[in-house]
Amino acid sequence: MFACTGYAAQAADAKLAPFSFERRDPGPRDIRIDILFCGVCHSDIHTARSEWGPSSYPVVPGHEIVGRVAAVGAEVDGFKVGDLAAVGCMVDSCQDCSNCRDGLEQYCENGFTGTYNSPDKKTPGLHTFGGYSKVIVVDQNFVLRVPESLELAAVAPLLCAGITPYSPLRHWKVGPGSVVGIVGLGGLGHMGLKLAHAMGADVTLFTTSPGKAEDARRLGANHVVLSRDPDAMASQAARFDFILDCVSAQHDINAYLQLLKRDGALVQVGAPSDPLPVAVFSLIMGRRTFAGSLIGGIAETQEMLDFCAEHGIVSDIEIVPMQRINEAYDRVLASDVKYRFVIDMASLPAAA
Ligand code: NAP
Ligand code: ZN
C-alpha cells in the first residue's frame, strides 16, 4: 500500500475536505496513473450527499479521470510509463458473465466495481476511492487510451458525460434524419448536443434556463424550446424519434413522452433520487418506449473517445482548483456550470 491524498466527504451533510488514505500497490495487471484532471459529475454530488441511498464514508468522488501512466505491472500490455490514460465510472467487473462477455461491463450480472463508493474486491474490506485524488491504481482492462490530439482537461468529462449520451444515441441508432431532443443543458446535456449533432441528427434542446439558448445553438442544437412554456412544449407534440433526458431533479416526464412520434423512445439517463411517475396512456398512445441507460462499456467508451478525436469534440469546461470544489458543487446545483467543472489536480499537494 502507499499513501495518497485527495478530497473526501465524511458524511452526507459535510463539505468535502482534504483526506489521506492508502491505495494498493500495482499488481501484475494494474496501471498506476498520476491524475492530472478530474471532471465533476452531478453523480458525485448525489453520492457524496447519500441522495441515492446511504453511501460508504469517506466518499472520495470522481469518475472522469485523465492522467499519465506512472507505473505498470509485469503483465500489462498496451500502456507504458508516460502514456496518457483515462478512467471512467468503472474499475472492475467479473469479466465472465454474459454481459461482460458482450462488452457491457456496466451491466455486469455480478455487479461492476464503481470507481468510487463500491466495495473493492481487490482490497477486501475497503471501498473504492475516486479521482478527486493524486493517484489511482486500476486494472488494465478498465483503462482507456486518450487521443493525443484533444485538449487533455476537456477530455476528462468525456469519461462519463460523453459516454452516457453516446451509448444510447448509438443503441437507438441515431443518425442522419433522426429528430432528437436533449433535455437539460448541463454536463451530460451539452455532450448530448455535440454528439447527436456530429451523428447528423436534427437536434432540439429543452431547457429551463432561457440564458442558455445561444450556447445551445453553438453546441449543436438546431432548435431550443423553453420547457416551462406550455405553448412552446405543445408545438413540439409527436415530433421526435428519440429524446434523451439528462435532468438531475424531479420533473414531469409525461410532458416529454407526448413529444415522441409513433415508436419513438424517451431514454432516461438523468437520475433524480425520487421516482418519476409515468402516465401509462403516454406510452400506449403511439407505442412509445420509456427506457433507461447506464454509462457505456469499456470498448464503447474507447469508441466514443476515438469518435470525439475524429470529430474534434471535447467538453466545454471551467477549470477549478481542488480547494474550490464545494463552491463548484453549489454552482452545479444552481444549474450554473458551462458546462462541466474540471479539477486541476496540480492544485492538490502530494502529501497532506
Ligand atoms: P448537471 O450538469 O447538473 O445538469 C443537469 C441539468 O438538468 C441542469 O443543467 C438543468 O438544465 C437541468 N435541471 C436541473 N434541475 C432541474 C429541474 N428542477 N427541473 C428541470 N431541469 C432541471 O448534471 P449532469 O452531471 O449532467 O448529470 C445529470 C444527471 O445524470 C444526474 O442525475 C446524474 O447523476 C445523472 N447521470 C447518469 C448517468 C447514467 O449513466 N445514467 C451518468 C452520469 C450522470 P437546464 O438549465 O438546461 O434546464
Ligand atoms: Zn458521472
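No value in this document is a laboratory result; all are computed from the given coordinates. Computed from a prediction, not measured in an experiment: that's the story for all the values here. Every residue, glycine as well, gets a Cβ built from its backbone with ideal geometry; the counts of neighbours run over all protein chains shown.
Brief remarks follow.
- Segment Q323-D77, length gained on full extension (0.36 nm per residue, minus Cα span): 85.0 nm
- Size of electric dipole in the chain: Cβ of Lys, Arg +1 and of Asp, Glu -1, about Cα centre, debye, nearest 20: 360
- Label point distance in nm, L226-A11, each placed 7 Å from Cα along Cα→Cβ: 4.2
- Cα pair distances of the chain binned at 20 Å [whole percent]: 31, 58, 11, 0
- Each Lys and Arg contributes +1 and each Asp and Glu -1, all at the Cβ; summed about the Cα centre of region 163-292, the dipole is approximately 360 debye.
- Residues of type lysines that K122 reaches as a straight line, Cα spacing below 30 Å, ignoring anything fewer than 8 places off in the same chain: K15, K80, K134
- Rough spin-label spacing in nm, given labels placed 7 Å along Cα→Cβ, for H311 and K261: 2.0
- Helices in the chain, meaning DSSP H runs of at least 4 residues, each add -39500 (n - 2.57). Divided by all residues, the mean residue ellipticity at 222 nm is -6000 deg cm²/dmol.
- Packing here is the average count of other Cβ atoms within 10 Å per residue, and on that basis the peptides 155-166, 51-62, highest first, run 155-166, 51-62.
- Cβ-based charge dipole, region 163-292, positive-most Cα from F242, P210, P272: F242
- In terms of its alpha-carbon gyration tensor, region 104-151 comes out oblate; a/c meets the 1.5 threshold, while b/c is at least as large as a/b.
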